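The values are calculated or read from the model by the stated rules, or taken from the named source; none is laboratory data. If you're wondering where the values come from, they're calculated on a predicted model, not measured in any experiment. With ideal geometry, Cβ positions are generated from the backbone for all residues, glycine too; neighbour counts draw on all protein chains shown.
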Amino acid sequence: MTDTITLRDAVEADIPALFEFHSDPEANKKGGFVPRTSEAFTKHFTENVLGKEEVIKKAILLDGKLVGYLLCFYAKTQWEVGYWIRRGARGKGVATNSMKAFLALLTNRPLFARVAQRNIGSVKVLEKLGFERVEEYIHTNEAGEKIPDFLYKLA
(Lines give C-alpha, C1' and ligand atoms only; values in the text may rest on other atoms or scores of the structure.)
Protein backbone atom coordinates (compact mmCIF):
# COMPACT_ATOMS: atom_id res chain seq x y z
CA MET A 1 0.00 0.00 0.00
CA THR A 2 1.49 3.36 -1.00
CA ASP A 3 -1.16 5.60 0.53
CA THR A 4 -0.29 7.39 3.78
CA ILE A 5 -2.48 6.67 6.80
CA THR A 6 -2.35 9.03 9.76
CA LEU A 7 -4.36 9.18 12.96
CA ARG A 8 -5.40 12.31 14.80
CA ASP A 9 -7.86 13.11 17.55
CA ALA A 10 -11.47 13.04 16.34
CA VAL A 11 -13.14 16.44 16.67
CA GLU A 12 -16.62 17.93 16.39
CA ALA A 13 -15.90 19.22 12.87
CA ASP A 14 -15.61 15.56 11.74
CA ILE A 15 -19.23 14.78 12.57
CA PRO A 16 -20.84 15.69 9.20
CA ALA A 17 -18.42 13.48 7.26
CA LEU A 18 -18.73 10.65 9.78
CA PHE A 19 -22.51 10.86 9.52
CA GLU A 20 -22.18 10.52 5.75
CA PHE A 21 -20.00 7.40 6.20
CA HIS A 22 -22.58 5.96 8.63
CA SER A 23 -25.36 6.55 6.10
CA ASP A 24 -23.96 3.88 3.76
CA PRO A 25 -26.71 1.22 3.41
CA GLU A 26 -24.22 -1.54 2.50
CA ALA A 27 -22.07 -0.90 5.58
CA ASN A 28 -25.10 -0.77 7.85
CA LYS A 29 -26.39 -4.07 6.47
CA LYS A 30 -23.00 -5.79 6.86
CA GLY A 31 -22.62 -4.48 10.40
CA GLY A 32 -26.19 -5.15 11.46
CA PHE A 33 -26.75 -1.47 12.26
CA VAL A 34 -29.80 0.71 11.85
CA PRO A 35 -28.96 4.10 10.31
CA ARG A 36 -29.59 7.17 12.46
CA THR A 37 -30.86 10.55 11.36
CA SER A 38 -28.29 13.33 11.17
CA GLU A 39 -29.62 14.80 14.42
CA ALA A 40 -29.56 11.45 16.24
CA PHE A 41 -26.06 10.63 14.97
CA THR A 42 -24.73 14.06 15.95
CA LYS A 43 -26.27 13.79 19.44
CA HIS A 44 -24.92 10.26 19.94
CA PHE A 45 -21.41 11.05 18.70
CA THR A 46 -21.21 14.33 20.61
CA GLU A 47 -22.44 12.89 23.91
CA ASN A 48 -21.14 9.30 23.86
CA VAL A 49 -17.86 9.69 21.98
CA LEU A 50 -16.53 13.24 22.00
CA GLY A 51 -18.20 14.06 25.32
CA LYS A 52 -16.59 11.19 27.23
CA GLU A 53 -13.00 11.75 28.21
CA GLU A 54 -12.47 8.02 28.83
CA VAL A 55 -13.32 7.17 25.20
CA ILE A 56 -10.20 7.14 23.05
CA LYS A 57 -11.21 8.39 19.61
CA LYS A 58 -9.04 8.85 16.55
CA ALA A 59 -9.87 10.07 13.07
CA ILE A 60 -8.32 8.11 10.21
CA LEU A 61 -6.80 10.18 7.41
CA LEU A 62 -5.80 8.66 4.08
CA ASP A 63 -3.45 11.00 2.24
CA GLY A 64 -4.77 13.79 4.47
CA LYS A 65 -8.46 13.08 3.82
CA LEU A 66 -10.84 11.88 6.55
CA VAL A 67 -11.93 8.32 5.76
CA GLY A 68 -13.05 6.92 9.12
CA TYR A 69 -12.48 6.67 12.83
CA LEU A 70 -11.35 4.32 15.59
CA LEU A 71 -12.68 4.03 19.14
CA CYS A 72 -11.66 2.38 22.38
CA PHE A 73 -14.25 2.48 25.16
CA TYR A 74 -15.16 0.70 28.37
CA ALA A 75 -18.34 -1.36 27.91
CA LYS A 76 -19.76 -2.71 31.17
CA THR A 77 -16.86 -4.98 32.16
CA GLN A 78 -14.26 -4.75 29.40
CA TRP A 79 -12.38 -2.47 27.02
CA GLU A 80 -13.66 -2.67 23.45
CA VAL A 81 -12.42 -1.30 20.15
CA GLY A 82 -14.26 -0.49 16.98
CA TYR A 83 -13.88 1.38 13.73
CA TRP A 84 -15.78 2.67 10.72
CA ILE A 85 -14.27 3.19 7.26
CA ARG A 86 -16.03 5.05 4.44
CA ARG A 87 -16.93 3.32 1.20
CA GLY A 88 -14.15 3.86 -1.32
CA ALA A 89 -11.46 3.45 1.33
CA ARG A 90 -12.40 -0.16 2.15
CA GLY A 91 -10.39 -3.07 0.80
CA LYS A 92 -7.17 -1.05 0.65
CA GLY A 93 -5.64 -2.01 3.98
CA VAL A 94 -6.93 1.14 5.70
CA ALA A 95 -8.78 -0.75 8.46
CA THR A 96 -5.92 -3.15 9.14
CA ASN A 97 -3.16 -0.53 9.09
CA SER A 98 -5.02 2.14 11.03
CA MET A 99 -6.17 -0.38 13.65
CA LYS A 100 -2.60 -1.69 13.94
CA ALA A 101 -1.36 1.86 14.64
CA PHE A 102 -4.25 2.44 17.08
CA LEU A 103 -3.55 -0.78 18.99
CA ALA A 104 0.07 0.33 19.42
CA LEU A 105 -1.23 3.43 21.24
CA LEU A 106 -3.44 1.45 23.61
CA THR A 107 -2.00 -0.04 26.79
CA ASN A 108 -5.23 -1.71 27.96
CA ARG A 109 -5.34 -5.47 27.57
CA PRO A 110 -7.27 -7.53 27.01
CA LEU A 111 -9.22 -5.68 24.31
CA PHE A 112 -12.44 -6.96 22.81
CA ALA A 113 -14.21 -6.33 19.50
CA ARG A 114 -17.70 -7.25 18.39
CA VAL A 115 -18.47 -7.91 14.74
CA ALA A 116 -21.46 -9.18 12.78
CA GLN A 117 -20.66 -12.62 11.41
CA ARG A 118 -21.66 -11.45 7.91
CA ASN A 119 -19.07 -8.65 8.01
CA ILE A 120 -16.33 -10.83 6.52
CA GLY A 121 -13.97 -7.90 5.89
CA SER A 122 -13.94 -6.88 9.55
CA VAL A 123 -13.60 -10.50 10.67
CA LYS A 124 -10.46 -10.76 8.51
CA VAL A 125 -9.07 -7.48 9.88
CA LEU A 126 -9.45 -8.63 13.49
CA GLU A 127 -7.89 -12.03 12.81
CA LYS A 128 -4.93 -10.45 10.94
CA LEU A 129 -4.31 -8.29 14.00
CA GLY A 130 -4.17 -11.28 16.34
CA PHE A 131 -7.66 -11.13 17.84
CA GLU A 132 -9.06 -14.55 18.73
CA ARG A 133 -12.71 -15.46 18.44
CA VAL A 134 -14.03 -16.23 21.91
CA GLU A 135 -17.81 -16.22 21.54
CA GLU A 136 -20.72 -16.39 19.10
CA TYR A 137 -23.98 -14.76 20.09
CA ILE A 138 -27.08 -13.06 18.71
CA HIS A 139 -27.90 -9.42 19.29
CA THR A 140 -31.10 -7.62 18.39
CA ASN A 141 -30.59 -4.29 16.65
CA GLU A 142 -32.80 -1.20 16.98
CA ALA A 143 -35.07 -2.45 14.16
CA GLY A 144 -35.66 -5.78 15.95
CA GLU A 145 -33.47 -7.75 13.54
CA LYS A 146 -31.56 -10.69 15.05
CA ILE A 147 -27.88 -10.36 14.12
CA PRO A 148 -25.39 -13.25 14.60
CA ASP A 149 -22.20 -11.75 16.03
CA PHE A 150 -18.71 -12.79 17.06
CA LEU A 151 -16.82 -11.51 20.09
CA TYR A 152 -13.05 -11.30 19.58
CA LYS A 153 -10.31 -10.86 22.19
CA LEU A 154 -6.76 -9.52 21.97
CA ALA A 155 -4.76 -10.58 25.02
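Restricting the range 1-31 to residues that are β-branched (Val, Ile, Thr) and out of contact with any strand residue (DSSP E or B) (no Cβ under 8 Å at 6 or more places or on another chain), the residue that is surrounded by the most Cβ atoms within 10 Å (Cβ to Cβ) is ILE15.
Can you tell me how many residues within the range 44-82 are of a type in the set (D, E, K, R), within 18 Å of ALA13 (Cα to Cα) and out of contact with any Ser or Thr (no Cβ under 9 Å at 6 or more places or on another chain)?
Residues that pass the stated criteria total 5.
Taken as a whole, the condition of being farther than 17 Å from PRO16 by Cα, free of Cβ contacts under 8 Å to residues at least 12 places away in the same chain and not hydroxyl-bearing (Ser, Thr, Tyr) applies to LYS76. Identify the residue in the range 32-83 that is farther than 21 Å from ASN141 by Cα and among the small types (Gly, Ala, Ser) and, among all such residues, is surrounded by the most Cβ atoms within 10 Å (Cβ to Cβ). Out of the qualifying residues, it is GLY68. Taking the range 58-142 as the region of interest, the strands (runs of 3 or more DSSP E) fully inside it that hold 1 or more residues being within 21 Å of GLY32 (Cα to Cα) and under 13 Å from the mean Cα position of the chain (by Cα) are 65-75, 78-85, 111-116. Might you check whether a residue that is within 22 Å of TYR74 (Cβ to Cβ), modelled with pLDDT of 95 or more and either loosely packed, with under 13 Cβ neighbours inside 10 Å or polar (S, T, N, Q) (or both) occurs anywhere in the range 135-148? Within the range 135-148 (the criterion being within 22 Å of TYR74 (Cβ to Cβ), modelled with pLDDT of 95 or more and either loosely packed, with under 13 Cβ neighbours inside 10 Å or polar (S, T, N, Q) (or both)), the answer is yes, since at least one residue qualifies. Please tell me if ASN97 is at pLDDT below 95 and either farther than 19 Å from HIS22 by Cβ or surrounded by fewer than 17 Cβ atoms within 10 Å (Cβ to Cβ) (or both). For ASN97, the condition - at pLDDT below 95 and either farther than 19 Å from HIS22 by Cβ or surrounded by fewer than 17 Cβ atoms within 10 Å (Cβ to Cβ) (or both) - is not met.
For LEU111, the requirement of being more than 15 Å from ASN28 (Cα to Cα), of a type outside the set (Gly, Ala, Ser) and surrounded by fewer than 12 Cβ atoms within 10 Å (Cβ to Cβ) is not met.
Here TYR152 does not qualify as free of Cβ contacts under 8 Å to residues at least 40 places away in the same chain, touching a strand residue (DSSP E or B) at 6+ places or on another chain (Cβ under 8 Å) and not in a helix (DSSP H, G or I).
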